[in-house]
1. Can you pull out every residue in the stretch 228-286 that is assigned to a helix (DSSP H, G or I) and either on the phi > 0 side of the Ramachandran plot or β-branched (Val, Ile, Thr) (or both)?
2. Within the stretch 123-138, take every residue that is under 21 Å from Leu277 (Cβ atoms) and open to solvent by 30 Å² or more (accessible area, probe 1.4 Å) and give me the one that is nearest to the ligand (Cβ to nearest atom).
3. Only one of (1) surrounded by fewer than 22 Cβ atoms within 10 Å (Cβ to Cβ); (2) under 21 Å from Gly105 (Cβ atoms); (3) of a type in the set (A, V, I, L, M) is not met by Ala243, so which one is it?
4. Out of everything in the stretch 102-122 that is open to solvent by less than 50 Å² (accessible area, probe 1.4 Å) and farther than 18 Å from Val274 by Cβ, what residue ends up being nearest to the ligand (Cβ to nearest atom)?
5. Within 19 Å of the chain's Cα centre (by Cα) and either free of Cβ contacts under 8 Å to residues at least 24 places away in the same chain or away from the ligand (no atom under 11 Å from the Cβ) (or both): which single residue out of Leu152, Leu182, Leu141 fits that description?
6. Scan the stretch 73-93 for residues that are open to solvent by 60 Å² or more (accessible area, probe 1.4 Å), part of a helix (DSSP H, G or I) and within 11 Å of the ligand (Cβ to nearest atom) and report the count.
7. Among the residues of the stretch 250-276, which ones are hydrophobic (A, V, I, L, M, F, W, C), surrounded by fewer than 17 Cβ atoms within 10 Å (Cβ to Cβ) and touching a strand residue (DSSP E or B) at 6+ places or on another chain (Cβ under 9 Å)?
8. Only one of these is more than 21 Å from Val187 (Cα to Cα), at pLDDT 95 or above and basic (Lys, Arg): Arg116, Arg130. Name it.
Amino acid sequence: MTTQSAEQTRHLMQSGDRGAWSLAALTVALAESGSEEQMRAAVDLLGALGIDVRADLGELDRAGAAAQAAAPLLQTAALVSGDGMLWAGQSNEALLTQGRASAQGAAAFVQFGLPRLPGLAEALARPGARMLDIGTGVAALAVAYAELFPELTVIGVDVLPHVLGLAAEIVAASTVADRVVLREQDVSTLDDEAAYVLAWIPAPFVPPGALRAGMPRLARALAPGGWAMVGHGKYAGDPVEDALSRFKTVAYGGTALNDDQAQQMLRDVGLGNVMTLPTPLGAPAITVGRNGF
Ligand SMILES: C[S@@+](CC[C@H](N)C(=O)[O-])C[C@H]1O[C@@H](n2cnc3c(N)ncnc32)[C@H](O)[C@@H]1O
């Protein structure tokens, strides 16, 4: 007799296999990273899924989308291979891919976030403007912000020396090397004051203790009128989606926050104008708060 769990397990293995290989096909086709035969077969598979990768993909950035497709494959491979999944143990390729995927956040921020945040567009455009990028990783997001805002200097902070080594290479190879500054530091020891018009922190990657200790410091680091922006999971009540977000966060070693918890955290450190912004499918939830309001 087949139990319901056995049936569901078979179903999951079939749909998961299909999902993993379809993401691999998307990566190969968009990054043009396979042999000609592999690319043709990948394009065919995507075609069968209703995706013409040779057509205009509209607002999707091809390199960013390729990285976004590859990132879960590389990260889950690290988890299931038994290497553990702590960020420190990720391969360079996984770190660089996650960086490229996260860099799409800068353009998405300009499209979805900036128009909703009073005063920020002007502040980011002012000569001498500074942004804080906590958990800067390989600095792909920091570089993307600096490219989008020509007057902005981005201070990228991370705890991992090895990752900061990769970041230094990426910054040096960019056109904005004079406006991205890297610093090895834990957010829980941040001591900048009134310095930044914008401060970003990705909660799913920052352990709960560091987040608790770091948030009041992050709030103090904001210039008057400056905005804090917290990335977090989407917990909209769908049991599978919510459990998936929690599982990823546990694997990353970070903090699971829903919209209400993220909003409360920002109010608790004295920020005002607190709200959770709408973000596109596949992007993290983003909750913001403003200093002095
Ligand atoms: C997913 S990565 C960010 C990717 C990044 N946007 C990029 O462009 O590569 C998250 C980073 O947060 C860092 N992190 C985790 N806890 C931290 C803490 N307490 N203080 C500072 N950085 C931290 C991790 O080391 C990791 O590099």
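1. Residues satisfying the conditions are Val240, Thr249, Val250.
2. Gly135
3. Checking Ala243 against (1) surrounded by fewer than 22 Cβ atoms within 10 Å (Cβ to Cβ); (2) under 21 Å from Gly105 (Cβ atoms); (3) of a type in the set (A, V, I, L, M), the one that fails is (2).
4. Ser102
5. Just one listed residue meets the conditions, Leu182.
6. Total satisfying the criteria: 1.
7. Listed by number, the list holds a single entry, Met275.
8. Exactly one of Arg116, Arg130 is more than 21 Å from Val187 (Cα to Cα), at pLDDT 95 or above and basic (Lys, Arg), namely Arg116.
The values are calculated or read from the model by the stated rules, or taken from the named source; none is laboratory data. Keep in mind the model is a prediction, meaning the values are calculated, not measured. Every residue, glycine among them, receives a Cβ derived from its backbone with ideal geometry; neighbour counts consider all protein chains shown. In case anyone asks, the SASA skips ligands and DNA or RNA and just uses the protein heavy atoms, side chains included. Shrake-Rupley method; radii C 1.70, N 1.55, O 1.52, S 1.80 Å.
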